[in-house]
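The values are calculated or read from the model by the stated rules, or taken from the named source; none is laboratory data. These figures come from a predicted structure and were not determined experimentally. With ideal geometry, Cβ positions are generated from the backbone for all residues, glycine too; neighbour counts draw on all protein chains shown.
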């Protein structure tokens with residue numbers, strides 16, 4: 001079995017306001033913009049052991065935190081509550097989600113989370 005994770009972080013300034021994420025996204029190939037501004041996602045490739053996942057996550061997160069610090073911003077993890085924002089959609093995926101879900105998408109636009117993926121490499125028939 002292989003395991004991978006995706007972890008989202010808000011990018012905020014020193015006062016806690018949402019901030020541009022460009023300098024954090026440019027840090028590592030595993031750090032990508034999410035579908036709204038100021039939300040980045042660390043997408044880790046599937047690996048075969050928890051130890052390998054931990055090493056990869058530490059490497060990528062350290063690079064993202066260093067870039068955030070150099071840019072004068074911070075990363076806020078997981079479902080940390082923020083004041084509700086109306087962050088603009090910045091991707092085609094986000095525009096499709098907005099068309100499908102309408103106003104209900106506002107909840108997803110205001111929450112960061114973690115996704116864990118498990119891939120079976122030798123399924124039993």
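On the given criteria, is residue 105 part of a helix (DSSP H, G or I) and at pLDDT 65 or above?
Details: part of a helix (DSSP H, G or I): yes; at pLDDT 65 or above: no.
The answer is no for residue 105.
Can residue 84 be described as in a loop (DSSP other than H, G, I, E, B), surrounded by fewer than 13 Cβ atoms within 10 Å (Cβ to Cβ) and modelled with pLDDT of 90 or more?
Values: in a loop (DSSP other than H, G, I, E, B): yes; surrounded by fewer than 13 Cβ atoms within 10 Å (Cβ to Cβ): yes; modelled with pLDDT of 90 or more: no.
No, not satisfied.
Would you mind stating whether residue 12 is over 23 Å from residue 95 (Cα atoms) and at pLDDT 90 or above? So residue 12 passes the test. Of all residue pairs spaced 6 or more apart or on separate chains, those with beta-carbon atoms under 7 Å, a first member in the range 97-110 that is within 19 Å of residue 9 (Cβ to Cβ) and a second member that is at pLDDT 65 or above and surrounded by 12 or more Cβ atoms within 10 Å (Cβ to Cβ) are 109/36; 109/87.
The condition (being modelled with pLDDT of 90 or more, assigned to a loop (DSSP other than H, G, I, E, B) and surrounded by fewer than 13 Cβ atoms within 10 Å (Cβ to Cβ)) is satisfied by just one residue among 54, 58, 29: 29.
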